[in-house]
Amino acid sequence: MAVSNISRDHIAMEAMKVLMEKTVSNNLTLKNRIRQFFGLNYKTYTAFDEKMIAKLSYNIADAMIAQREKIMEDKL
C-alpha cells in the first residue's frame, strides 16, 4: 500500500477552504439589501476571523495526520 505524502500545510489549506465556506458571512446593510433586491450595484462586507480559522484548520490537519498514522500502525 502506498503511503500518502500529503503535507500538513496542504491538509490545513483544504480544511481552511471548508471552514471559510461554512463560517464566512457577508453582511449587507438595509440599503444594500434593497439595492440587491432590485438588481443594482451593492457592497458586501465579509466578516471572518482569519487567525481563528487558521488555528482550527491546523488543528484539523494535525488530527487527520494522527488518525492516518494510527491507521498505518494498525495495519502493520
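Scanning segment 19-39 for residues that are open to solvent by less than 90 Å² (accessible area, probe 1.4 Å) and either at pLDDT 90 or above or over 30 Å from E73 (Cβ atoms) (or both) returns M20, T23, V24, S25, N27, L28, T29, N32, I34, R35, Q36, G39.
Each residue in segment 41-69 was checked for being aliphatic (A, V, I, L, M), farther than 13 Å from A12 by Cα and modelled with pLDDT under 90, and 1 of them qualify.
Across segment 50-65, not a single residue is classified as acidic (D, E), open to solvent by less than 90 Å² (accessible area, probe 1.4 Å) and assigned to a loop (DSSP other than H, G, I, E, B). Contact map, segment 52-76: residues that are over 11 Å from L19 (Cβ atoms) paired with residues that are open to solvent by less than 70 Å² (accessible area, probe 1.4 Å) and modelled with pLDDT of 95 or more, Cβ distance under 6 Å, separation 6+ or inter-chain. No pairs are found.
Per the conditions (1) assigned to a helix (DSSP H, G or I); (2) surrounded by 10 or more Cβ atoms within 10 Å (Cβ to Cβ); (3) not aliphatic (A, V, I, L, M), the sole criterion not satisfied by Y42 is (1).
The values are calculated or read from the model by the stated rules, or taken from the named source; none is laboratory data. As the structure is a computational prediction, the values presented were derived from the model and not from experiment. Cβ atoms come from the backbone with ideal geometry, glycine included; neighbour counts cover every protein chain shown. Accessible surface areas use protein heavy atoms only, side chains included; no ligands, DNA or RNA. Shrake-Rupley method; radii C 1.70, N 1.55, O 1.52, S 1.80 Å.
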